[in-house]
Amino acid sequence: MSDPLERLKPRQLKRILGNFGKPGVVLLIPPQEPMMRELDYRKIMSLTTARFDGKQIDSFGRTSLHLSFTDHHVPVYDTNVKVGQDSQVSVIESVISVHDSGEWVADVDILDAINSDFVSRLPALEPCNHPKDISTEQGVFSIDTWDDILDCPSDRFVVRAHGNWLGRLATTSVLSQVLKLRDNVKITVCQPDTCWHCVWSQYKLDEPLLHSFIY
Amino acid sequence: MSTIGRLQAALAAATNEVIVTAANLNFDFTLIKCEAPLEYQPLGNMLAAKKKSNAETGSIHVTARRLGALFEGACPTTPNLLKAYGDRISEISTATSQSQPLQYSESIFSTYAGIDGTSIWAAATSSKAALHVHLLGCMIARIFDPAEAVSIWVELVKERQKDIAYRFENGEQLPFSLTAAAAQNPIPKPELAEWDASARAWLRTADEAKKSEYSQLRALLRSVKIKVNEETDVFPSVMKAWKSAVVTMENLVSGQPQAVRDGSTLLALSSWHLYPNIAVFGSQNFEVVLNDSLISPGGTLSIGISPSKIAGETGVFWCLSLAQLRHYGKPVRIERSLQADPSRISFSQFLLCALGVLTALWEIPSNDIHTAMKFLVALATILEGASGAKWLSAVGRAASSYLSAEGEELEMANKLVQYGRRRARDFVPEVEPKFKPKAYFGLGGSNALLKCFKDDEKRIVFLRNKMFEISQKEGRRPTDFLIRFYPSQAQGSANHHPTKSRSEEEDGTVSHDDSTPDGRHWQEVSLDKTDFYSSDSDTEDEVEVIGDTACYATVTQGLFDPGSHSAPPFPLPQKWYGASHHRWICSDEDHESECGGEFHHRLFSQNLKASRTSFTIIERLRENRYDWLCGDLDTAAIFQRRSARPPASPEFSIEDFLSCAEAGLFSVASLIDHVSSDNSPVFVFFKALATVASIYKHIPDARLAIQNFQRPILQSKWHAATFPVAPSRHKMVRRMFKRTLALAIVAYFDSGTADLAPGDMENVMAVSSGDSIYVPSQVRLTGIVAKSQLMMFSL
């Protein structure tokens, strides 16, 4: 998996030595509606209210991604196969799940999530001399747990997974999936050396209310 | 089936009498897992976690156990063979793991990545008989296609069960586990398919690791023609071949020389990657020394073959009659052979075959292949970097690799090109004559060649050089030839439609000429009339007016003698007779000048009557008519005087293109225009190759199935999808299209049989085929992760 910041050419494929144990050509498709962990909505006192202070912290170091298959393994109608023989091409439903410290968080459809309309990369800003690691903007929350991602605030918030490409990819995908059905939301993936001063000063007023930054 | 029923009844009775352990009562053998033999342990350590657990407790373990139990006793004990095989697979898997980059092991595919040793490990943790069954699986997977292999297994299982039941019927003493296995339900087809697929994937990986031995073996196979055995029914044939192979290999590994008359041993040693020295006795006697460390010295295989009366394909053949191949229908008789040829090739080899296809499409004889390669390299060099010509770069690289190959590499390259030539009909089917491809895009002929020059000066130099030899050799007079050319900036107007914006000083005439080569009719227009285009023009086919932009130049240098018929073409004062070239250009000034060693004179068009393919110079009372000889009528052409006999015949060939290309005489834009205007399938073919190349350049270690050359590439679904119906504005849609196209292409070429439409693959995030998983880069694995972060993930 690559960091969501990297824009790789879609035609570029990678070949891995291995197979899934099924005969013939196997196509992997994601499930229709990936599941996510149920939350206990009654908790009030454990809600996050911490503000984002600009520090470069990685709170998602225990996140891991796993691939598994469901039983949905069907052959594809292959016009090249001679009559009476079995098709050599099949489709298998495969699930990518996000785990945190071994506990299941959510299943994601990564390609769909990353390619959503409201996920974008932060445009490169000009280099500046502002001190890094400091953000003094009020009203920006800091998100450090998976529960906060599954039940995210309707404000600007920063998901802190600095330098952890797997965490950034996982949080982006899950967040994108959570927000899929909502209107007027935005997810911005930021570079590891973002200057928050410049970002806030250039922040436009017409940006959506729920705006997430993956840092 | 009544025999099976009676067997089951007998078993039920037996269990009451015999004291059996709890494990034996449970006919599902998954509980039992043995320790794998020592030689196989390194493989176990190297298997990915999921694969290992599947092999030890999953469905494939059940299959291995059941097959092992069913075929118990079919082969004698072979301790040395199993030991050597274990050492060999451990060696291969260690080598392969080391060559695979570490980064992939930390990705989500890590549980599936790595060598497919599942069936080996499942067999190793089951029983010795299961290992024998695995060896048989490799032999079958080596020579038969997947569908055929599965049907062979189904039949084998069925027949073996029947065979055991029959023996039990007749009172033979059989081990309990054997009869129990025979009484069970037949092993389901998907599980057998999984068993076969695992063996197949292992073979692919092992072939890559043992490339050099494999190629030596292939050299041997090219000179033998031998059958596996004479039986055609599946069960007897397979059992016989299996037993014979196992016993022979056991003896060979132990150091005893063996002599065989059938091909089962050859098939076996190719499938098991064990390589004893082989001595072949036939019409020629030779020995292949492979120096395998796992074979004890003295283990030499001698094969005696009688010379085959039928010349033809060589190799090891197996001919079987498969009853289970179709769900419905008569048994299918198939013959498969262990070919000397690779069934999988790398992408650069694929490109060489494609070049062979190209030479066949252009109908270039095999002698000229070298020239054709030089042409492609020259064209690619000229067009390098030009927009609109990126599709040529992959082909150009392949052609230059051909030119720089030598020795064995060159031999291989030639074979690949020849293979492509033979498959051209299948790969790119023939088209109607009007779309017939022109060799070298037509650049071997003078028309197209001259169109692509940078400017008229270069054209004139070229034409002069061309005629130089002819005029020297044949002693032509300098006045016999003239070049007519259109100066570069006027070329836009030197075409066919009447230019109505003429000004009055033009007084070029059009002569009425019945006998022009292309049969056009010209309307005679008189001088000085203002009704330049008379009303009659509507009734003619076309009115073509040769503009006064045409200029004339001499072809050869020479003296002009006044008076005789070698007078200068146009009236010329005596002082200009000299040894240099002359030109007559249209200019307003009335002076003559010298430029670049040539004398420029003003063209007086009163003496000239010109049409498209000929012109006549009228001088005093004499007319000299010049007809088109060679060249391009729109840019520059040589005209020969009618009275000069016999007509000269300069030959244009692709060598002219090559020498001009080297001298840098071509204009990139006009070359691109010319090549793109080719309406034969060749241009489309180039583009398809470029599409495939753009994907395979990121995966250099991928292999393509060679049977792709038997399918027409331009009729594949992915190719049909590359013609843009309507270019999408939305960036996401475009990216997704590129991803689905890439996945469809790798599925097509890797399997050699699948043909998927990119439109059906919108949701697909990865494709697995054989021993490879193809993943789009967006979901790809990166090695940029620092070491410390790797440790965090494994928590």
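The values are calculated or read from the model by the stated rules, or taken from the named source; none is laboratory data. Since this is a predicted model, take the numbers as computed values, not measurements. A quick note on method: Cβ atoms are made from the backbone with ideal geometry, for glycine too, and the neighbour counts reach across all protein chains shown. Side chains are part of the model used for accessible areas, which takes the heavy atoms of the whole protein and leaves out ligands, DNA and RNA. Shrake-Rupley method; radii C 1.70, N 1.55, O 1.52, S 1.80 Å.
Within segment A:143-154, can one find any residue that is crowded, with 21+ Cβ neighbours inside 10 Å and of a type in the set (Val, Ile, Thr)? Yes, because at least one residue in segment A:143-154 is crowded, with 21+ Cβ neighbours inside 10 Å and of a type in the set (Val, Ile, Thr).
Scanning segment B:620-630 for residues that are over 16 Å from B:Asp480 (Cα atoms) and not aliphatic (A, V, I, L, M) returns a single hit, B:Arg620. Counting only residues that are at positive phi and either in contact (Cβ under 8 Å) with a residue 40 or more places away in the chain or touching a helix residue (DSSP H, G or I) at 6+ places or on another chain (Cβ under 7 Å) (or both), segment B:397-440 holds 1 of them.
Residues checked against (1) assigned to a helix (DSSP H, G or I); (2) crowded, with 16+ Cβ neighbours inside 10 Å; (3) under 16 Å from the mean Cα position of the chain (by Cα):
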| site | (1), (2), (3) |
| --- | --- |
| B:Gly664 | no, no, no |
| B:Leu671 | yes, yes, no |
| B:Val675 | yes, yes, no |
| B:Asn679 | no, no, no |
| B:Val682 | yes, yes, yes |
| B:Leu689 | yes, yes, yes |
| B:Pro700 | no, no, yes |
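Here segment B:737-764 is the region considered, the condition is being open to solvent by 10 Å² or more (accessible area, probe 1.4 Å) and more than 23 Å from the chain's Cα centre (by Cα), and the residue that is farthest from the other protein chains (Cβ to nearest Cβ) is B:Gly759. Do we have any residue at all in segment B:34-51 that's open to solvent by less than 50 Å² (accessible area, probe 1.4 Å), at pLDDT 60 or above, in contact with a strand residue (DSSP E or B) (Cβ under 9 Å, 6 or more places away or on another chain) and not basic (Lys, Arg)? Scanning segment B:34-51 turns up at least one residue that is open to solvent by less than 50 Å² (accessible area, probe 1.4 Å), at pLDDT 60 or above, in contact with a strand residue (DSSP E or B) (Cβ under 9 Å, 6 or more places away or on another chain) and not basic (Lys, Arg).
Go over the candidates B:Lys211, B:Lys158, B:Lys243 one by one and state the one that is at pLDDT below 90 and of a type in the set (Lys, Arg). Criteria check complete, one pass: B:Lys211.
B:Leu449 - would you say it is within 22 Å of B:Ala636 (Cα to Cα), in contact (Cβ under 8 Å) with a residue 24 or more places away in the chain and in a helix (DSSP H, G or I)? Against the criterion (within 22 Å of B:Ala636 (Cα to Cα), in contact (Cβ under 8 Å) with a residue 24 or more places away in the chain and in a helix (DSSP H, G or I)), B:Leu449 qualifies. A:Lys82 falls short of the stated requirement of being away from chain B (no Cβ under 12 Å), surrounded by fewer than 18 Cβ atoms within 10 Å (Cβ to Cβ) and at pLDDT below 85. When each of A:Asn115, A:Asn164 is tested for being within 14 Å of another protein chain (Cβ to nearest Cβ), free of Cβ contacts under 8 Å to residues at least 12 places away in the same chain and surrounded by 15 or more Cβ atoms within 10 Å (Cβ to Cβ), the lone residue that passes is A:Asn115. Taking into account only those residues within segment A:98-112 that are facing another protein chain (nearest Cβ under 9 Å) and under 14 Å from the mean Cα position of the chain (by Cα), which is surrounded by the fewest Cβ atoms within 10 Å (Cβ to Cβ)? Selected residue: A:Asp112.
In contact (Cβ under 8 Å) with a residue 12 or more places away in the chain and open to solvent by 10 Å² or more (accessible area, probe 1.4 Å) - does that describe any residue in segment B:263-274? Scanning segment B:263-274 turns up no residue that is in contact (Cβ under 8 Å) with a residue 12 or more places away in the chain and open to solvent by 10 Å² or more (accessible area, probe 1.4 Å).
On the given criteria, is A:Ile149 β-branched (Val, Ile, Thr) and either closer than 16 Å to A:Asp58 by Cβ or touching a Pro at 6+ places or on another chain (Cβ under 6 Å) (or both)? Yes. Just one residue in the set B:Ser302, B:Ser296, B:Ser271 is over 27 Å from B:Pro429 (Cα atoms), at pLDDT 80 or above and in contact with a Cys (Cβ under 6 Å, 6 or more places away or on another chain); that residue is B:Ser271. In this structure, B:Ala130 qualifies as touching a helix residue (DSSP H, G or I) at 6+ places or on another chain (Cβ under 9 Å), in contact (Cβ under 8 Å) with a residue 24 or more places away in the chain and within 24 Å of B:Pro188 (Cα to Cα). Restricted to helices (runs of 4 or more DSSP H) entirely inside segment B:111-220, those with at least 3 residues that are open to solvent by less than 40 Å² (accessible area, probe 1.4 Å) and away from every other protein chain (no Cβ under 14 Å) are B:128-143, B:146-169, B:176-183. For the condition at pLDDT 85 or above, in contact with a helix residue (DSSP H, G or I) (Cβ under 8 Å, 6 or more places away or on another chain), open to solvent by less than 50 Å² (accessible area, probe 1.4 Å) and more than 8 Å from every other protein chain (Cβ to nearest Cβ), A:Val95 does not qualify. Within segment A:29-56, take every residue that is crowded, with 17+ Cβ neighbours inside 10 Å and either in contact with a Leu (Cβ under 9 Å, 6 or more places away or on another chain) or within 14 Å of chain B (Cβ to nearest Cβ) (or both) and give me the one that is farthest from A:Leu111 (Cα to Cα). Looking at the filtered set, the residue picked out is A:Met36.
One residue alone among B:Leu352, B:Leu376 is open to solvent by less than 70 Å² (accessible area, probe 1.4 Å), under 30 Å from B:Ile638 (Cα atoms) and touching a helix residue (DSSP H, G or I) at 6+ places or on another chain (Cβ under 6 Å), and that residue is B:Leu376. For segment B:326-340, which residues satisfy the criterion of being in contact with a Lys or Arg (Cβ under 9 Å, 6 or more places away or on another chain) and in a loop (DSSP other than H, G, I, E, B)? Answer for segment B:326-340, where residues must be in contact with a Lys or Arg (Cβ under 9 Å, 6 or more places away or on another chain) and in a loop (DSSP other than H, G, I, E, B): B:Arg326, B:Gln339, B:Ala340. Within segment B:375-395, the set of residues being farther than 16 Å from B:Cys353 by Cβ and assigned to a helix (DSSP H, G or I) comprises B:Phe375, B:Val377, B:Ala378, B:Leu379, B:Ala380, B:Thr381, B:Ile382, B:Lys390, B:Trp391, B:Leu392, B:Ser393.
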